[in-house]
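Notes for the one structure printed next.
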């Protein structure tokens, strides 16, 4: 059972344009993309609420209206929800500072809006309070830190060094490779160190400043963690959920089919398939390890595998879509068409038969 973390407020950073997820993000902000039938960011909201958070502020940039219209003021969920929109890109720290007027003078969780994790938020908050830190960062292990920012700590869990995208000569033999996992606890003092109205990175500017005076703690965790930043990672997140690596479903190892989806009795649905609300799968169709968006239609004898199909997409009879094809919302794949990835089909586009 999730413990109350003793932190009642949170900021979710949802300002990015999600350019690596296009064309899926042509019509939706990345945090609103579906994960097992619900917007991805709703999974984060549930995670925070189970840990005792009662106020959530979305720090927005790209397409904020979709997020606000979906969540509203939060009363239906027993939450208080607020929204701020960056007037221009302000960076991760600047976006937090932009939310300050909607926060209390108390600690706050901050989450990147593209991270799927089952991190124990109470453990993170306990570690933060135990150190008396100004800010505390969740860390996750990686095999190769060269594409990330390596975080080094002392024996007490206090950050001693940040190494951005380290080369082989900067690594210490035998050291654990731990990177910033995109979940933080910040005190009012840490937030006060961020200049308002300026473009500031919390990773490159604020945390090193606070760490220089011994004010940054870090908690390493082996919990589930995935950055949903690319179509391949987005697809893998669904496969992880279906495999039971992270919560949300009652029957891991099976396909997930929305209750109102229509699947013909002669269709084949593999264990790695996620079929969204209102989707229709025709006779003889085969749906492999893939994501079928809400309202999509897969025609008779069509094959879709290893791909991401957006909302209201039509895949014609006998078409084949495979090997990480990302199909934008409302696109139409003609009967008999063959598309092999990695590639994408633009939102609303029509793909003719070969």
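The numbers here are math on the coordinates, done by the rules we state, and not lab data. These numbers were taken from a predicted model, which means no experiment stands behind them. Glycine gets a Cβ as well: all are built from the backbone with ideal geometry, and neighbour counts include every protein chain shown.
Some notes on this structure:
- Note on 70, 83, 224: ascending count of other Cβ atoms within 10 Å places them as 70, 224, 83, the fewest first.
- Listing 126, 86, 143, 4 from fewest to most neighbouring C-beta atoms within 10 Å gives 143, 4, 126, 86.
- Principal-axis tilt of helix 121-131 within the chain, Cα atoms, nearest 10 degrees: 20
- Pairwise centroid distance, computed over Cα atoms, of region 106-129 with region 130-154, Å: 13
- Dividing the Cα radius of gyration of region 301-354 by its Kirkwood radius returns 0.90 for Rg/Rh.
- In terms of its Cα atoms, the chain spans 64, 50, 40 Å along the principal axes, sorted from long to short.
- Residue 268-residue 106 pseudo-label distance in nm [points 7 Å out on the Cα-to-Cβ vector]: 5.5
- With bins 5 Å wide beginning at 0, the percent of Cα pairs of region 80-229 falling in each bin runs 2, 9, 19, 22, 22, 15, 8, 2, 1, 0.
- Take every Cα pair under 8 Å whose residues are at least 6 apart in sequence, average their separation, divide by the length of region 254-351, and the relative contact order is 18 percent.
- Residues 246, 275, arranged from fewest to most other Cβ atoms within 10 angstrom of their Cβ, appear as 246, 275.
- Between residue 243 and residue 38, the modelled labels are 2.3 nm apart [label points 7 Å from Cα along Cα→Cβ].
- Relative contact order %, the chain, counting alpha carbon pairs below 8 Å whose residues are six or more apart: 14
- Dividing the convex hull volume of the alpha carbon atoms of region 61-156 by its residue count gives 162 Å³ per residue.
- Evaluating kT/(6 pi eta Rh) at 4 °C and 1.567 mPa s, with the Kirkwood radius of region 241-303 over Cα pairs in the Stokes-Einstein relation, gives 112 µm² s⁻¹.
- Seen against the Cα atoms of the chain and their longest principal axis, helix 40-50 is set at about 50 degrees.
- MRE, 222 nm, helices only [DSSP H, n ≥ 4, -39500 (n - 2.57), over the chain, to nearest 500]: -5000 deg cm²/dmol
- With the convex hull of the Cα atoms taken as the outline of region 254-351, the averaged projected area works out to 4.6 nm².
- Centre-to-centre, using Cα atoms only, region 48-85 and region 209-266 are separated by 21 Å.
- For the pair residue 66 and residue 343, the difference between a 0.36 nm per residue extended length and the Cα-Cα distance amounts to 97.1 nm.
- With semi-axes defined as the square roots of five times the eigenvalues of the C-alpha gyration tensor, the equivalent ellipsoid of region 157-240 measures 25, 20, 14 Å, largest first.
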